[in-house]
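J.: If you scroll down you'll find the structure; I have some questions about it.
What follows is calculated from the coordinates using simple rules that are stated; it is not laboratory data. Every value quoted in this text rests on a predicted model; they were computed, and no experiment measured them. Here Cβ is always computed from backbone atoms with ideal geometry, including for glycine, and neighbour counts include all displayed protein chains.
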Amino acid sequence: MKAINPFKAGLTLGMLLAAMHAMWALMIALGMAQAIIDFIFWIHFLKPVFVIVPFNIGIAVILVAVTGSIGFIVGWLFSVFWNRLHLN
């Protein structure tokens, strides 16, 4: 079995999570987010209680940076654990 490269795994998951949250920030900027979150709650039989606040570029950058960083760390850790469990 071939080892998973921790940097590539971290980068892949980090980029995926950052891209998903960048799309969410874009939906907020375009005014689409409230309808989307209301729909998601509705199809899960939940009453929406969250209200989307106005778009703020600074908060959007923090959102994308934090989720990308967390994704990198989780991907890196997963690959390290996977390699230790499956290559020894």
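J.: Condition check: part of a helix (DSSP H, G or I), closer than 30 Å to PHE7 by Cα and touching a Leu at 6+ places or on another chain (Cβ under 8 Å). Does GLY68 satisfy that?
T.: Against the criterion (part of a helix (DSSP H, G or I), closer than 30 Å to PHE7 by Cα and touching a Leu at 6+ places or on another chain (Cβ under 8 Å)), GLY68 qualifies.
J.: Which residue pairs have Cβ atoms under 8 Å apart, sit 6 or more places apart or on different chains, and have a first residue in the stretch 18-44 that is of a type in the set (S, T, N, Q) and a second that is surrounded by 13 or more Cβ atoms within 10 Å (Cβ to Cβ)?
T.: Once the first residue is of a type in the set (S, T, N, Q) and sits in the stretch 18-44, its partners that are surrounded by 13 or more Cβ atoms within 10 Å (Cβ to Cβ) give GLN34/ILE52.
J.: Let me ask something else. Answer with yes or no whether ILE57 is exposed (fewer than 12 other Cβ atoms within 10 Å of the Cβ) and not charged (D, E, K, R).
T.: Taking the combined requirement at face value, the residue satisfies it.
J.: In a loop (DSSP other than H, G, I, E, B), hydrophobic (A, V, I, L, M, F, W, C) and over 14 Å from the mean Cα position of the chain (by Cα) - does that describe any residue in the stretch 7-14?
T.: No, that holds for no residue.
J.: Here's something else I'd like to know. Restricting to the stretch 33-54, count the residues that are surrounded by 15 or more Cβ atoms within 10 Å (Cβ to Cβ) and not in a helix (DSSP H, G or I).
T.: Looking only at that region, the number is 1.
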